[in-house]
Amino acid sequence: MPKIIGESLASHRELTRARLFEALGSLLGEQSFESITLSEIAARAGVGRTAVYNHFADKEVLLLAYMRRVTEQFTRVLAERLEAEPDPLMSLRIYIRSHLQMISRYHVKTSMAVGKQMTRENASHLHDHAGVVGELLIGILDEAMERGLIAQQNTLGAVHLIHATLQGQRLPRDPARRESALALVEMFILRGLGASEDSVRHVTSASLPSGE
């Protein structure tokens, strides 16, 4: 009988799933999703391969569950930060930084690129998770346009372009270079949306709440 790693079967199940998510995220930072095997995931998680099948039918199902957890955590924390910020351009800056940090922490960029390697149904679920995050950005852009802070434009088109820009970034480990990279992306997106130079300078020079 497999060793119980929690105080109960319920906690054992949750801890096992957490280990599997952590293992998958770690492996996604090292190689493509297509090349990852369930055996590698199990070994990295420190559980038996049969334990993986007790929770997930295959690695696609595991990835979807992983993405669901990441999306829920990210959306919850980001929504709390945005709620306390009245300036939509500052909210956009918070969104940009949070999104890039999510990509860096959870290797979501790699995950988002696996749609072509998955079944059509599962790939559509990946887009659903991305859509949950995108709804926050839609609200920010709509408010910024209503207040005349950015140019009037197709909101969905702007969301796709912003996400394409963010997905193409890799943050440096060095703190100074990391900050420089974040500032460059912020200015690029704000200018691309039509924010005035004065607004860009004001927003990018302002201090952000702790945690950003």
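The values are calculated or read from the model by the stated rules, or taken from the named source; none is laboratory data. All values derive from a computational prediction rather than experimental measurement. Neighbour counts run over all protein chains shown; Cβ positions are idealised from the backbone, glycine included. All accessible areas refer to the heavy atoms of the entire protein, side chains included, with ligands and DNA or RNA removed. Shrake-Rupley method; radii C 1.70, N 1.55, O 1.52, S 1.80 Å.
Among the residues of segment 178-192, those identified as surrounded by 15 or more Cβ atoms within 10 Å (Cβ to Cβ) and charged (D, E, K, R) are R178, E186. Taking segment 26-78 as the range and being among the polar types (S, T, N, Q), assigned to a loop (DSSP other than H, G, I, E, B) and either modelled with pLDDT of 90 or more or crowded, with 16+ Cβ neighbours inside 10 Å (or both) as the test, only T37 passes.
Contact annotation: residue pairs with Cβ atoms under 7 Å, 6 or more positions apart or on different chains, pairing a residue in segment 46-63 that is more than 13 Å from H12 (Cβ to Cβ) with a partner that is open to solvent by 60 Å² or more (accessible area, probe 1.4 Å) and β-branched (V, I, T), are E60/T119.
Consider L156 against the criteria (1) free of Cβ contacts under 8 Å to residues at least 24 places away in the same chain; (2) open to solvent by 60 Å² or more (accessible area, probe 1.4 Å); (3) under 20 Å from M90 (Cβ atoms): it satisfies all of them except one. Which criterion is unmet? Among (1) free of Cβ contacts under 8 Å to residues at least 24 places away in the same chain; (2) open to solvent by 60 Å² or more (accessible area, probe 1.4 Å); (3) under 20 Å from M90 (Cβ atoms), L156 violates only (3). For the residues L161, L166, the requirement of being at pLDDT 90 or above, under 17 Å from the mean Cα position of the chain (by Cα) and either over 13 Å from I94 (Cα atoms) or not aromatic (F, W, Y) (or both) singles out L161.
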